Structure formats: structure tokens, C-alpha cells
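Undergrad: Below is one structure. I have some questions about it.
No lab work stands behind these numbers, since they all come straight from the coordinates. Predicted model, so just to flag it, every value in this text is computed and none were measured. Ideal geometry is used to build each Cβ from the backbone, glycine not excepted, and the neighbour counts take in all protein chains shown.
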Amino acid sequence: YPPERIRNFSIIAHVDHGKSTLADRLLELTGTIKRGHGQPQYLDKLQVERERGITVKAQTATMFYRNELNGPGTSEAHNPSSFLLNLIDTPGHVDFSYEVSRSLAACQGALLVVDAAQGVQAQTVANFYLAFESELTIIPVINKIDQPTADPDRVKAQLKSMFDLDPSEALLTSAKTGQGLEHVLPAVIERIPPPRGIINSSLRMLLLDSYYDEYKGVICHVAVVDGTLRKGDKISSAATGQAYEIVDVGIMHPELTPTGVLLTGQVGYVVTGMRSTKEARIGDTLYHNKSIVEPLPGFKPAKHMVFSGLYPADGSDFEVLNHAIERLTCNDASVSVTKETSTALGLGFRCGFLGLLHMDVFHQRLEQEYGAHVISTVPTVPYIFEYSDGRYVGSVITLCSERRGQQLEYSFIDSQRAFMKYRLPLREIVVDFYNELKSLTSGYASFDYEDSEYQQADMVKLDILLNGQPVDAMATIVHNLKAQRVGRELVEKLKKFIDRQMFEITIQAAIGSKVIARETISAMRKNVLAKCYGGDVTRKRKLLEKQKEGKKRMKRVGSVDIPQEAFHQLLRVS
Ligand code: GDP
Ligand code: MG
């Protein structure tokens, strides 16, 4: 396939507007996957994605599509009406915008999906600007037109006023009933330009993503920008200078399908004999040995908003956790990891995440995909900044000033959109600021931030003591004016989540030597066998096994067992 007959595009949308469903329909339409009624979405491969109904990882699939208007030819690859289309599904949630911009680097166009009833939402705006800044051709798709409350004309007017998109260019679809879907791929072919690479130039390819496969080893997703890549080629990494040989190369159709070659403009996979996914640097440029090339622009590094310690729930599982984190960070390069030790929890890691949902998902993936049981500590923050836009200007200003924000800029982009810039302590936005902002503005405000320099502030260290012993992993830094309230809430929360034990437990919050809040949990002997009236030995054993399993998730501090849930609940207090 020459570049003129290749199209690389992505689907972007606010969460739940129907990206993944539309992607599945397109895969079915081109015969890439079989029609599966009520099947889970094909591109949402991770268990956590299916459970939560969200897309976390961008996935790529190659489809072959014959534009019937141009008549049949002999072989597909030489048929002028046959096209190779690479579809890249993207996550919608703000926490995963890092994945979105990564996918867009390999695309020339994007389908901007908008729910016909809900209209333009915050992530529609955020994703539109990501695509716009990457200079992609944008095709508006108004989806879910089958809904009784659908109002495509209103959505068209919004697309015009917000993004200056021509309403006559909007496609009307229902990914559910199939209505209008036949116009989508012809529009992709006609409106989105082919990849712009140079066929006869030296090879340059962009490393988009990588993961570890038990049988094949490290698998890299790549976009060939210039030149041609063949099996057996010797390549080098611009980032590390390391040389590799291409052991296998092919496309995702949608499973790995060897082709022996990838041409200019194609997106596919390579297996290079890399030993660890650490070698596969996302955003790296790979080129043929001995050729001299200018590296491609990489990706913006991820912005970490939430930092939290991750510790094995059972001290001896450190190696398991180490291995799991190593594997998972290859697949999610947006997490930063450094080793850390805690007197209470032992050896562990300090990880930086893009947001709380991202942290939760990472945690869940560690358990589900790698069987690592983890305890995470209260998230902490380094530094701040933020923007916001929305129509609910008054309540946003109130929110920001309650959170000790300082307004830097305030302007109107048009009659419907305001732009505000604040300097805010990161401490104040990390836990629930985003949710609060969303609910105050009926979901319309979108939010982004940049680092600012450190500011002087009146902060105190708030310690949590169990039976007089400080628990370092629970210590937190808070503003002096809020210390009293936070301390009270923390001890009350802990009281709820720590089970009674065989002795009395006192929980205290203290600043230095000054105790500011205190609760006690009275002693109780917990006997799991109490309900087995003698007799049945196997049932007893089962219960004891179950108790042991439950204990795994506990962390012993001094002599007190603290369930994972208690650590988790501390996140919700700030
Ligand atoms: P994503 O978050 O943008 O990937 O959205 P999904 O594809 O997961 O879809 C969100 C929900 O909307 C799912 O329950 C879909 O079944 C539903 N949905 C998707 N497209 C349509 C449509 O055209 N009409 C209706 N009525 N529902 C749809
Ligand atoms: Mg999805």
C-alpha cells in the first residue's frame, strides 16, 4: 500500500459518547472482527476497562476497506480503491489525556464524536484542542441520533460556535442501530490526508507504545514515518544508541499479523529481542544502523498530579510488586516510579499519577493483571497551577478562593466560554477539586494545569499515632488553618475502618507533641470459628484459610493490624 492509500485516524470524544462502540462497528464493517451481538467492546481489552466501562489504553487496529465507488481491481494491495486504515481508539477521561496525545502523533485525522443529546462536553473541548494543536483534520460525528432526546441541530450549532466546524460536514450516526455508519469510512478516505512521510528516505519510526508478551518478549507499537522497515533489518534507538535486529514485524489486524514489512505511513508492531520494556522508550525514534537521521519530536512528558507510596500488603511480596510495577509501567509510561522505604511499611515505591482515577486504575491493574497485593498511602503533592473554563463563572471563582487560589487571568473566549487562570496549592486540588468543579458546572468546566514554582505557606506536619506509635505512611502535610478539622476527620475515619482487636487501640492525630484529636477502639476477641458448632473440620479449615487470605491485605504496624481499606479511605480527607 503506497501512502496515498493509507489513512491513520483516531476517534476522540467525551467519555461515554460512543467512541469504543463506533470503533467496534467500523471493525465489523470492514470484516476485521466478526459481528458479536452484546459482546464486550473489542478494543477495550483490559479487565479494568470492561469492569468500569472506560478506555484506559489507546489501542490500534488495522482495517482494509474497499471504497466501492472506484470499481474492483485484481489484488487488494494494487487495487486503487482498496485502502489500509489504521484506527486508534483513545481514552476519554482527563486523567488519560497523555494517552490521547500519544495516539494523535501517529494520525493525520480524527473523528470527533459528540453525543446528539448531551452535546459538547468538557472532554470534547479538551480533546478537540489536542487534535487541533496536532494539526489533524477533524471530522465531526454526531452519534446516538437514535435517542429520543437527540437534538443534532443544537449540536451542530455548538460545533460551529465552539470550534468553527462547518455544520454541513457533520456526519449523523447511531453506533447502536447502524444508521449513518456507511458514510464514516468514505469521509475518512476523502477528507483525511494520507501520511506525509518520504518513501525513498532513510527509515525513521516513532515508538508509540510497548508491552511484554510471555511468548514473544517485548512488543513495540511503531509508526513508520519515513522509509521502509523489513524483517531482519538492523536498527538503533536514538535515545539509547542501542542496536537491535527486527525479529518479527507486522500489523494489528486486530491481532498481531506478521507481514515482514512496514511501509512509509504504516502503523504496526515490531519484535526486536529487547529484553525489558525499559529499553522501549515511548516517544523514541528508531532508525537503520549507520544512517544519520534527525530524531522525531517525542511526546510531552506526562504531568503528575498525585503521588502516592505503594507497598506490598505482605512484606515478603516486595519482589512480586517490583516485577509487577516494572511490567505495568512499560505498558503505562505515564507513571513515574522511585524506590522508597517506610519504617511502618518497609520497602516500597513512590509513584506519580495523572490523577486519582489513574491511580485507582493502576492499583487495580497491579492486582488483576499481575496478582500483586498493594497498600497505597495518602497521596501527596509537589507544586501547582491550573486553568479552567466554563459558564458557571461565579461558583468557580468561589471554589478557587476557598481553595486558597490566586486569580491570575480572567477572560472570555466567546459568549459561552470563559478562561480563568489561577495559582492554586496543588494540595488543594489533588483530591476532589476536579469532581467538585465538574459538579458545580454541570460537567462543563474543563481543567488543565502546569507546574508553578514553590510558594511559601503556613504548613504543619500532621502525625497519626496508633497506641502512641507514629505511622509514617499516614503522616500528611496540611495547612495550619485546616489541621484541626483534618486531624479530627482522619481519626474518625480510621476508627471506622480498623477492626477491633484483642487489645484497646488509641488513635491520635498530633502536630509535634500536641495531640489535636483522639479516638479509642475497645478490645474484642475475634473468633472466626465461633459459628462452627464443633464437628465439620473442612469448614473450619476453609474459614481459617479465608482469614489468612484476609490477613494478607492487612498491614501490621507495631501490634495493630490495619486493613488496606483504612489507607485508602485516608485519601478522601484533605
Ligand atoms: P466511550 O466511553 O466513548 O468509548 O463510549 P462507549 O462506546 O463505551 O459507549 C457508551 C455507552 O453508550 C454504551 O452503553 C453504549 O452502548 C452506548 N452507545 C454507544 N453508541 C450509541 C448509539 O448510537 N446510540 C445509543 N442509544 N447508545 C449508544
Ligand atoms: Mg471507550
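Undergrad: So what's the net charge close to Ala116: Lys and Arg +1, Asp and Glu -1, counting the other residues with Cβ under 9 Å from its Cβ?
TA: Numbers: positive: Lys144, Arg154; negative: Asp115, Asp146, Asp151.
My count for the surroundings of Ala116 gives -1.
Undergrad: Under the Karplus relation 6.51 cos²θ - 1.76 cosθ + 1.60, θ = phi - 60°, what is the ordered set of whole-Hz ³J(HN,Hα) values for the range 458-469, x standing for Gly and Pro?
TA: Taking θ as phi minus 60°, the curve returns 8, 10, 10, 8, 9, 9, 10, 10, 10, 6, x, 8 Hz for the range 458-469.
Undergrad: Once you keep just the Cα pairs under 8 angstrom separated by 6 or more residues, what percentage relative contact order results for the range 109-155? Before the final figure, lay out the partial values.
TA: Working: 63 pairs, mean separation 26.1, N = 47.
Computed over the range 109-155, the figure is 56 percent.
Undergrad: I'd like to know which of Gly250, Thr272, Ser237 lies farthest towards the positive end of the charge dipole of the range 229-276, counting +1 on Cβ of Lys and Arg and -1 on Cβ of Asp and Glu.
TA: Ranked along the dipole, the leading option is Ser237.
Undergrad: State the extension gain, in nm to one decimal, for the chain segment bounded by Glu409 and Asn435, taking 0.36 nm per residue of separation less the distance between their alpha-carbons. Present the calculation step by step, with values, prior to reporting the outcome.
TA: Values: separation 26, 0.36 × 26 = 9.36 nm, distance 2.24 nm.
Stretched fully, the Glu409-Asn435 segment lengthens by 7.1 nm.
Undergrad: If packing is taken as the average number of other Cβ atoms within 10 Å across a peptide's residues, how do 181-187, 25-31, 253-259 rank, most packed first?
TA: On the way: 181-187: 16.0, 25-31: 18.4, 253-259: 14.4.
Put in order of decreasing packing, that is 25-31, 181-187, 253-259.
Undergrad: Apply the Karplus parameterisation 6.51 cos²θ - 1.76 cosθ + 1.60, with θ equal to phi minus 60°, to every residue of the range 508-517 and state each ³J(HN,Hα) to the nearest whole Hz, in sequence, with x for glycine and proline.
TA: With coefficients 6.51, -1.76 and 1.60, one gets 10, 10, 9, 10, x, 9, 8, 7, 10, 7 Hz.
Undergrad: Evaluate the distance, in nm, between pseudo-label points positioned 7 Å from the Cα of Arg191 and of Glu133 along their respective Cα→Cβ axes.
TA: About 2.3 nm, to one decimal.
Undergrad: From the cross-link list Lys278/Lys438; Lys339/Lys514; Lys231/Lys290; Lys493/Lys514; Lys160/Lys438; Lys156/Lys438, which pairs have alpha carbons spaced over 26 Å apart?
TA: Values: Lys278/Lys438 37 Å; Lys339/Lys514 32 Å; Lys231/Lys290 17 Å; Lys493/Lys514 20 Å; Lys160/Lys438 24 Å; Lys156/Lys438 24 Å.
Beyond 26 Å: Lys278/Lys438; Lys339/Lys514.
Undergrad: So which chymotrypsin sites (Phe, Trp or Tyr not before Pro) in the range 191-277 are both in a DSSP loop and have at most 12 other Cβ atoms within 10 Å of their Cβ? Before the final figure, lay out each step's value.
TA: On the way: sites: Tyr211, Tyr212, Tyr215, Tyr244, Tyr269; in loops: Tyr215.
Here the chymotrypsin sites (Phe, Trp or Tyr not before Pro) that fit, given the DSSP loop and packing criteria, are Tyr215.
Undergrad: Further, regarding this structure: Can you tell me which of 154-160, 436-442 comes out highest on packing, and rank the rest after it, using the mean Cβ neighbours within 10 Å?
TA: On the way: 154-160: 18.9, 436-442: 17.1.
For the peptides 154-160, 436-442, the packing ranking is 154-160, 436-442.
Undergrad: Taking the Cβ of Pro167 as the centre, find all other residues whose Cβ is under 14 Å away and add up their charges (Lys, Arg: +1; Asp, Glu: -1). Please list the in-between numbers first.
TA: Working: positive: Arg154, Lys156, Lys160; negative: Asp151, Asp153, Asp164, Asp166, Glu169.
Counting the neighbours of Pro167, the net charge comes to -2.
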